[in-house]
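Peer 1: I have a structure here, written as structure tokens, and I will follow up with some questions on it.
The values are calculated or read from the model by the stated rules, or taken from the named source; none is laboratory data. Note that the structure is predicted; figures quoted are calculated from it, not measured. For neighbour counting, all protein chains shown are included, and Cβ atoms are generated from backbone atoms with ideal geometry for every residue, glycine included.
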Amino acid sequence: MANPEPRTDALPNRAGRFSLPPAEGVSEDVSSAPALSDEKEKELLRRCWYSHDARWYMAVAQEFGVEAANRLNKRVCQALGKAEMRRLVKALGIGAPTTVQELVQVIEAGFRFFVPPPLTQAEFRAVDDHSYEGWMKRCFIHDNITKAGIGSFYICAALDRIQGWHEALGVPMVEEPPARLCPKVQGGECRLLIAFQPLEA
């Protein structure tokens with residue numbers, strides 16, 4: 001028996017969205033096909049990705065131990081940050097920052113695109129020509145590790161991700177991110193003072 005021809009009727013509709021072909025006996029009115037708004041789509045994709053991220057960490061911790069999971073998580077987050085920031089600046093069509101104000105604007109853009117509210121609520125301000133401060137008012141990492149009950153041993157890798165952003169921008173940080181527990185889990189605030197190498201004008 002010959003293989004059936006592949007179906008070609010699963011095509012983007014006029015709005016550019018992918019619509020499923022109608023089943024036999026079902027109306028071909030694609031207006032009734034399941035669809036999400038652009039914002040809902042992005043939110044769904046982010047949540048699915050971070051669910052994968054959390055399960056990856058837990059699988060490594062169960063198989064190889066917490067120390068290995070924390071070490072590899074920091075490494076992966078740094079590499080992720082470098083890759084995603086390269087893609088972001090290319091998509092935005094912007095060059096490397098030449099002032100601390102421009103750098104802060106790019107960092108804010110990274111948070112706005114990759115971890116927007118309600119995942120995170122963050123504020124940034126320039127301190128001097130070689131450093132800026134970040135204040136994490138709300139952090140999805142803190143929320144998730146608290147729910148999972150792993151806050152007592154989870155080493156935060158958020159700063160490693162930002163380190164990757166800096167490397168992608170050609171503005172390396174002065175020091176490697178320290179291995180630290182979540183300060184919010186410990187009852188404090190999460191404030192980061194980030195110093196970087198001199199910018200090229």
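Peer 1: Answer yes if at least one residue in segment 122-141 is under 30 Å from Met58 (Cβ atoms), in contact with a helix residue (DSSP H, G or I) (Cβ under 6 Å, 6 or more places away or on another chain) and free of Cβ contacts under 8 Å to residues at least 40 places away in the same chain, and no otherwise.
Peer 2: Looking for residues that are under 30 Å from Met58 (Cβ atoms), in contact with a helix residue (DSSP H, G or I) (Cβ under 6 Å, 6 or more places away or on another chain) and free of Cβ contacts under 8 Å to residues at least 40 places away in the same chain, one finds at least one in segment 122-141, hence yes.
Peer 1: Sticking with this structure for a sec: In segment 160-199, which residues are small (Gly, Ala, Ser) and exposed (fewer than 12 other Cβ atoms within 10 Å of the Cβ)?
Peer 2: Result: Gly187, Gly188.
Peer 1: Report yes if some residue within segment 34-56 is outside any helix (DSSP H, G or I) and either at pLDDT below 85 or under 20 Å from Arg161 (Cα atoms) (or both); otherwise report no. Explain how you work it out, then say what you get.
Peer 2: Initially, segment 34-56 is screened for residues outside any helix (DSSP H, G or I), giving 34-37.
Within this subset, residues satisfying the condition of being either at pLDDT below 85 or under 20 Å from Arg161 (Cα atoms) (or both) are 34.
Within segment 34-56 (the criterion being outside any helix (DSSP H, G or I) and either at pLDDT below 85 or under 20 Å from Arg161 (Cα atoms) (or both)), the answer is yes, since at least one residue qualifies.
Peer 1: Can you tell which of Phe114, Phe18 is surrounded by fewer than 17 Cβ atoms within 10 Å (Cβ to Cβ), modelled with pLDDT under 95 and among the aromatic types (Phe, Trp, Tyr)?
Peer 2: On the way: Phe114 fails: surrounded by fewer than 17 Cβ atoms within 10 Å (Cβ to Cβ).
The match here is Phe18.
Peer 1: Return the only residue of Ala96, Ala126, Ala79, Ala61 being surrounded by fewer than 17 Cβ atoms within 10 Å (Cβ to Cβ) and part of a helix (DSSP H, G or I).
Peer 2: Working: Ala96 fails: part of a helix (DSSP H, G or I); Ala126 fails: part of a helix (DSSP H, G or I); Ala61 fails: surrounded by fewer than 17 Cβ atoms within 10 Å (Cβ to Cβ).
Sole residue among the options that is surrounded by fewer than 17 Cβ atoms within 10 Å (Cβ to Cβ) and part of a helix (DSSP H, G or I): Ala79.
Peer 1: Give me the pairs, please: first residue somewhere in segment 98-118 and under 26 Å from Trp49 (Cα atoms), second residue anywhere and of a type in the set (Lys, Arg) and at pLDDT 95 or above, beta-carbon distance under 8 Å, and either six or more positions apart or on two chains.
Peer 2: So the pair list comes out as Val104/Arg125; Pro117/Arg138; Pro118/Arg138.
Peer 1: Please list, ordered by first then second residue, the pairs with beta carbon atoms under 8 Å, 6 or more apart or interchain, first in segment 67-93 and under 15 Å from His166 (Cα atoms) and in contact (Cβ under 8 Å) with a residue 40 or more places away in the chain, second buried (at least 18 other Cβ atoms within 10 Å of the Cβ) and of a type in the set (S, T, N, Q).
Peer 2: From segment 67-93, the pairs are Gln78/Gln163; Gly81/Gln163.
Peer 1: Restricting attention to segment 151-177, which residues are in contact with a helix residue (DSSP H, G or I) (Cβ under 8 Å, 6 or more places away or on another chain) and part of a loop (DSSP other than H, G, I, E, B)?
Peer 2: Gly151, Phe153, Tyr154, Cys156, Ala157, Val171, Pro172, Glu176, Pro177
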